[in-house]
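These notes are about the structure you will find just below.
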Amino acid sequence: IQEYGMSPEMVVMAYRYCSEQRKNTKCSFVGALVKEWAARGLKTPQEIKAYIEETDNRHFLYKRVLKAMGFLRNATEEERRKAA
């Protein structure tokens, strides 16, 4: 909370997202998400929800394209970078 200037509400939101969507509640995982949100300047629940929706949609499209190509895996970092 102090290190990244996030409110307790945002930390709870990160924990909830990690628990429900990523099935990972390790402190280091939740902390990395909070750090990413802080680095991107996300401070309000609305900003965070919009960011989550955008990234989830993007990852859905990556997976859909790879599946159409016959791959049953997530996009690599290099593939995501080239798609952007």
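The values are calculated or read from the model by the stated rules, or taken from the named source; none is laboratory data. Please read these numbers as outputs of a predicted model, since none were measured by experiment. Counting neighbours? That spans all protein chains shown, and the Cβs are built from the backbone with ideal geometry, glycine included. Note: areas computed on protein heavy atoms with side chains; ligands, DNA, RNA excluded. Shrake-Rupley method; radii C 1.70, N 1.55, O 1.52, S 1.80 Å.
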Query - Those residues of segment 1-21 which are touching a helix residue (DSSP H, G or I) at 6+ places or on another chain (Cβ under 9 Å), assigned to a helix (DSSP H, G or I) and among the hydrophobic types (A, V, I, L, M, F, W, C), in sequence order - result: Met10, Val11, Met13, Ala14, Cys18
Report task. Can you work out which of the residues in segment 1-36 that are within 20 Å of Ala50 (Cα to Cα) and basic (Lys, Arg) is nearest to the chain's Cα centre (by Cα)? Result -> Arg22
Query raised in the report: So which of Glu47, Glu78 ends up being at pLDDT 95 or above, assigned to a helix (DSSP H, G or I) and open to solvent by 50 Å² or more (accessible area, probe 1.4 Å)?
Result: Glu47
Query raised in the report: Scanning for something over 15 Å from Met6 (Cβ atoms), among the polar types (S, T, N, Q), assigned to a helix (DSSP H, G or I) and open to solvent by 60 Å² or more (accessible area, probe 1.4 Å), does segment 24-34 turn up at least one residue?
Result: yes
Report task. Can you work out which of the residues in segment 60-75 that are of a type outside the set (Lys, Arg) and outside any helix (DSSP H, G or I) is least open to solvent (accessible area, probe 1.4 Å)? Result -> Ala75
